[in-house]
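Just below is one structure, and these are the notes that go with it.
The values are calculated or read from the model by the stated rules, or taken from the named source; none is laboratory data. Just so we're clear, the structure is a prediction, and the values are computed from it rather than from any experiment. All Cβ positions, glycine included, derive from the backbone under ideal geometry; neighbour counts span all protein chains shown. Ligands, DNA and RNA are stripped out before the accessible areas are found, and what is left, the full protein with its side chains, is counted by its heavy atoms. Shrake-Rupley method; radii C 1.70, N 1.55, O 1.52, S 1.80 Å.
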Amino acid sequence: MLLFLITSLLSSGLPIVQAWGGWNFQNDRVWKLEALGIQEEKNLLVLTAQTLGRVLNETRFLMVEFYNPLSRQSQNLIKEMGRAVDIMGKENTGVLFGKVNITSEKLLEQEFAIKDVPMVKLFVEGQRQQPIDCRGVIEAAALVAWLRNQIKLSTVLFTSREQIKTFVRSRKLTVIGFFEGVIVHFEECEEDRHILRDLSKIIKFFTMDLVIEYSVETMDQIYDMHIRNHILLFISKNSTEFGALVQVFESVAQEFKNKIIFLIVNTDEVDNTHVLEYFQISSWDIPGIRILNVTKNMRYRMPAEEITFKNMNSFCENFLNGLAKQQLPSENIPKDWDTKPVKVLVGKNFKEVVFSHKRNAFVMFYAPWSYECKTLLPILEELGKKYHYHESVTIAKIDITANDIHQTFLEKYPFFKFFPAKTDLVVPYNGEYTLDAFIDFVEKEVKFQMESEEWSFEEEESDEQEDLSVQDWGEIKEEL
């Protein structure tokens, strides 16, 4: 996209030519209204079935109140509409305000299906069909704010140089975008004191790269975009898949331009360590995708193992539609978490269960969307049934993608750990993922735990006997 900025800095000696048919508005407004056969009352044009079409041909935006003179609400809104004209400025002839008395203009009442009054409608670019309803806005400043928002949403398609020249002459400052294909944005800066700020924002917004590499240098640019949804690709620039994944990332970015900022975080860069820590990215998570809503400080993890166009596109759509699952420090503890053969652990009860020092715990760390995890969950259920009523063994699972447990032993899911009772040790499981292998491992660890306790108990007894012997010998010495 080539963004072409046209500015007309008009000196005091040059006439200000406005959009109303090239007329010098300051000198000819009254004459122009008379020529069109239009009256003006309290800043509002009095419109009829004969004059509405004439005004639509002369202005880009026409805001009209359909009213009943006997209605108090109608009269109050007429006053607010007049004040709105003062706020916008009468010299802004690209925007006009008018009123239609439905008690005398029955044809217009019928044409625009006016059922309740007052009713305000906005006519855009001279189009008589399907004007935009302005509902529930009854105060002057709010009317102006609503109108300006509608103006921002409007675009103008130029098909000749003459159209561009006429358009530029009608405004003090104009920004025009030149595109191949569809025009995606039009912006008009109306207040001089906001011009530089608005232009800076517009140009940054629509000229930013599809994908930005996160760094100290680009940090300010990213936050100046005023787009509060960021998606991050954590990847090593030295990895063999870097080029292919970036291409996929850029393809998805095209689909969500100006809705989500797409960022690449180079995991080899030391300055990015704090970003990895914030998102709790381990070596097993690279490459990985996360979404951050900056305003609410909410994090989301892509619910898929593979980084593909389909998975990322679905992730972004679900996020924007409010369907993505937020990554929290902990899910809520389910009411029935400990009633089934396999106990359900979350961040809030993880340490309490696995480091209770009362029972041995064998825990599966899984991701709900992982195919391998899904195939192992039924086996874990069978294991849970075997130890459901065991006096010292608990079988449990935890969704590692939805709960931050701040442990150093985390690996690529799925993985299993054994937590012996009465110690803070963590025993990794490195065997086969079969029911028999799980049972053999648990039995071996439980037996080792029992033998360790017996050995510890025997040592304590031996120590006590030695203490008694010393005590007895002392008494004997005293007696002698």
For labels at residue 107 and residue 333 in the simple 7 Å Cα→Cβ model, what's the distance in nm? 7.6
Please compute the modelled spin-label separation between residue 385 and residue 217, points set 7 Å along Cα→Cβ, answer in nm with one decimal. 6.1
Taking 24 Å as the cut-off for C-alpha to C-alpha distance, list the pairs among 152/257; 121/296; 42/121; 42/165; 296/397; 417/444 that go past it. 121/296; 42/165; 296/397
Calculate what fraction, in whole %, of the accessible area of segment 311-352 sits on carbon and sulfur atoms when a 1.4 Å probe is rolled over the protein chains. 48
Mean Cβ-within-10 Å packing, highest first, puts peptides 375-384, 128-137, 322-331 in the order 375-384, 322-331, 128-137
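Between residue 411 and residue 273, what length comes free when the chain is fully extended (0.36 nm per residue of separation minus the Cα-Cα distance, one decimal in nm)?
Details: separation 138, 0.36 × 138 = 49.68 nm, distance 1.87 nm.
Extra length available between residue 411 and residue 273 comes to 47.8 nm.
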Cα Rg, Dmax, segment 282-426, angstrom units: 16.4, 49
When the solvent-accessible surface of protein heavy atoms is calculated with a 1.4 angstrom probe, in what order do 252, 426 fall, highest first? 426, 252
